[in-house]
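Before any comments, here is the structure.
The values are calculated or read from the model by the stated rules, or taken from the named source; none is laboratory data. For clarity, every value in this text was computed on a predicted model and none was experimentally measured. Neighbour counts are summed over all protein chains in view; Cβ atoms, including those assigned to glycine, are modelled from backbone coordinates with ideal geometry. Heavy atoms of the whole protein, side chains included, go into the accessibility calculation; ligands, DNA and RNA do not. Shrake-Rupley method; radii C 1.70, N 1.55, O 1.52, S 1.80 Å.
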Amino acid sequence: MSWGSELWDQFDNLEKHTQWGIEFVEKYTKFVKERSEIETSYAKQIRNLSKKYQPKKNSREEEESKYTFCRAFLTSLNELNDYAGQHEVIAENLTSQIISELSRYMQELKAERKSHFHDGRKAQQHIESSWKQLESCKRRFERDCKEADRAQQYFEKMDADINVTKADVEKARQQAQMRHQMAADSKSDYSSYLQKFNQEQNDHYYTIIPNIFQKLQDMEEKRIERIGVCMKTFADVDRQVLPIVGKCLDEMTKAAESIEPKTDSKQVVESYKSGFEPPGDVEFEDYGQPMKRTASDTSLSNPREGKEKPTGKTKGKLWPFIKNKNKSPKQHKEPLSHRLNDFMTSKPKMHCLRSLRRGITLNSHVRNLIEGSGPEDFSHLPPEQRRKKLQGKLDELNKDIQKEMDQRDALTKMKDVYVKNPQMGDPASVDPRLLEIGQNIEKLQFEVQKFEGWLAEVEERMPSKSDTHRRSGIYETQNNTTVSNNCAQDRESPDGSYTEEQNSETQVKANTHPIPTSSTPEFDDEFDDEETLPTIGTCKALYPFEGHNEGTISVAEGELLYVIEEDKGDGWTRVRRNEDEEGYVPTSYVEVFLETNAKDS
């Protein structure tokens, strides 16, 4: 149905309706904008949540990364971060595909509506003006007819009166004729203008107004169609990211299914295995022949040695946690009866409570194993754990040496370029850095030799699987990391070999020897930054650079890159090609154009 034929007399109502349509578009645009803000806020909260639970860079988190369930959780956090990115994509698409488009369309819609109603008002004013002119012609014709009738009546009256002169009668007759002529002219004007008005009125209501209303109808239908398209886009924006969201969820599920309890249990053994073996059987002591009794090799202590040596703090029971180049010291032994008497006369409950109150000193060697504190040679650790730590340290040192050698190779190539092309730079400027790298390599090689010696010492002293006879002192030392043995050993034993204070003393001594970190150059530390560095300028590659070494980036001649860090005097400039690809290039290989604010700062 057409608005022009059906709503020809509803100009004002159509004006209100089309205004309401524009207001609806504005309301829908506001709705989409608020939805976009919600998506942005949600994505930000999800990212913050993922970042909050990301493992921090310390030894404890590195230990946890060995377990499958910890790695699965880390994978889930990374996928959750990607999941948040998809909600950011939704917000961006809503803004670009709906909000921006509707904002431009509303301006066009308002201008078009204004133009159509301007034409409608102009046509309405024209027909109203024609109607007024028609009314004016009609009134003039009516007035002239009345004047002609009065003039005719006056002439007839004068003609019938015998007392009126012939001249007066003639004058009255001429006046009547003139009035009749004026009436006839008015009638003719009125008739012609009436015909003209009817034609204009017909054009107005059957041509002009229907055309204007038809344009308004088309405009309104386009507006409704545009709203429908936007609503469809609103749903499609969500649907477009569903495959990626589903992939993120699939990866989370895959990470959860990758958890292996048996592997984690095995990892616990690998992490805490000391390398010691359980003690052998305790031999029977025949008290029926006291004069002939001799201390067995596997008894807990030797009473004769206990009498010869004064009671006090000794380091015999802590031999697995101290450095000894020869062999483990022999433990003092005492009869089983002494241990039983001591156990019966002691108050283990009170000592257990005191030990719990002093819990900060318990499990010291386990805490040192986790936190990484202790002597440089890891002598505070059990043999197996010490071997693993030394091997890991050797691997780190070898990696550092390789990095230094890569830097030396890069600087050597740069020096060769300077030698061949003196205009690019002074070859002597590279020598200080080469000397520094050479010194670093010598230090690292010295560290490697030192740790290799300690590792060889540990491997020589590692017990073989065939050994079935162990000293009882090892058994006691191995168990001093549990709360129960601390409770029993909190009191002084008959031979005075162990107290809780000794454990605290050992802990203090271990903590006074922190493990020194290997000296790594600033070049490699720069890649530990978590946040993306801002762009401070641009650069153009003057020569091609392959960038095979770690931390460098390959560039082609004439390539434009973004500068994110200036040369700090080491001959390297940090650049970025895109968000995921950045690294160092020789400063002499590029021409740098820094931004004004970067130069000022």
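Ranking 141, 36, 235 by Cα position along the charge dipole of region 3-259, where only Lys, Arg, Asp and Glu carry charges on their C-beta atoms, puts 36 farthest toward the positive end. Label sites at residue 376 and residue 439, each approximated as a point 7 angstrom past Cα along Cα to Cβ, lie 1.8 nm apart. Computed over region 49-135, the convex hull of the alpha-carbon atoms projects to a mean area of 8.9 nm². Apolar share of the accessible surface for region 107-200: 49 percent from carbon plus sulfur atoms, 1.4 Å probe.
Shown is the FRET efficiency for residue 579 and residue 421, computed with R0 = 35 Å from the Cβ-Cβ distance and rounded to the nearest 0.05: 0.55.
Its alpha carbons considered, region 3-259 gives a radius of gyration followed by a Dmax of 40.8, 145 Å. Amide H contacts for residue 537 (H built 1.01 Å from N in the peptide plane; partners 5 or more residues away or on another chain; cut-off under 5 Å): 563, 595.
Return the subset of 393/568; 66/389; 56/568 for which the Cα-Cα distance in this structure is over 21 Å, preserving the input order. Over 21 Å Cα-Cα: 393/568; 56/568.
In units of the rule-of-thumb radius 2.2 N^0.38 Å, region 537-594 shows an alpha carbon radius of gyration of 0.96. The count of lysine pairs in region 396-460 with alpha-carbon distances below 29 Å, taking only pairs 8 or more places apart or on different chains, stands at 11. Maximal additional length on extending the residue 96-residue 20 stretch stands at 24.9 nm, based on 0.36 nm per residue less the C-alpha distance.
Give the average over all directions of the projected area of the C-alpha convex hull of region 1-66, one decimal, in nm².
Working: hull surface 31.6 nm².
Average projection, Cα convex hull of region 1-66: 7.9 nm².
Under a 5 Å amide H cut-off, with hydrogens placed 1.01 Å from N, residue 573 pairs with 585, 587 among residues at least 5 apart or on other chains. Can you give me the convex hull volume of the Cα atoms of region 162-254, divided per residue and expressed in Å³? Cα convex hull per residue, to the nearest whole number: 104 Å³. Karplus-based coupling profile of region 77-83, in residue order and whole Hz: 5, 5, 5, 5, 5, 5, 4, with θ = phi - 60° in 6.51 cos²θ - 1.76 cosθ + 1.60 and x standing for Gly or Pro. Solvent-accessible area per residue in region 3-259 equals 65 Å², computed with a 1.4 angstrom probe and all protein chains kept.
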